[in-house]
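The block underneath contains the structure these notes are about, expressed in structure tokens.
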Amino acid sequence: MQDTDTSFIKTIENVKSAEQKAAELRQEAEKNAEKIRLSAKKKSEELRLKGEKEALELKEKKISEGKKATEKKASKIISAAEEKAAQIKKKKAGTREVNLLMEDFLKSFQ
């Protein structure tokens, strides 16, 4: 009977030892999981910030390109208007046109 008691006690001690090792392994696994979670959170934040920076840079580039294109178009329009104004200034009204304008002007008072 004493062999049975000793064997039973030894089995209980082995079970307790195994439970203690399992608890230690569980704690270690939880610590590792927390480290991995924090590392992943940090990495995702870095990726988010990098993405926002790249998006801002792209937005600024597109705005700059749009501004340049708009300035180029505006410059063309202004240049064309200046040319047209110069052409209009160069034209002289002939005597016939002046007489017709004067007649219309005077008729407006009658």
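Bear in mind these aren't lab numbers, they're just calculated from the coordinates by the rules spelled out. Remember, it's a predicted structure, so these values are computed and weren't measured experimentally. Methodologically, a virtual Cβ is constructed for each residue, glycine included, from the backbone with ideal geometry; neighbour enumeration extends over all protein chains shown.
Say we join alpha carbon atoms closer than 10 Å with springs in a Gaussian network model of the chain; which of 58, 100, 25 then has the biggest fluctuation?
100
In deg cm²/dmol, rounded to 500, what helix-only [θ] at 222 nm does the chain give when every DSSP H run of at least 4 residues adds -39500 (n - 2.57) and the total is split over its residues?
So the helix-based figure for the chain works out to -35000 deg cm²/dmol.
Using DSSP to define loop residues, name the trypsin sites (Lys or Arg not before Pro) in the range 68-99 whose beta-carbon has at most 12 other beta-carbon atoms within 10 Å.
91, 92
Please compute the length gained on full extension between residue 69 and residue 21, using 0.36 nm multiplied by the number of residues separating them and subtracting their Cα-Cα distance.
10.2 nm
Taking the convex hull of the alpha carbon atoms in the chain, what volume per residue do you get, in Å³?
171
Step through the residues of the range 4-12 one at a time and calculate ³J(HN,Hα) from phi using the Karplus curve (6.51 cos²θ - 1.76 cosθ + 1.60, θ = phi - 60°), rounding each to whole Hz and writing x for Gly and Pro.
For the range 4-12, the Karplus curve yields 5, 5, 5, 5, 5, 5, 4, 5, 5 Hz.
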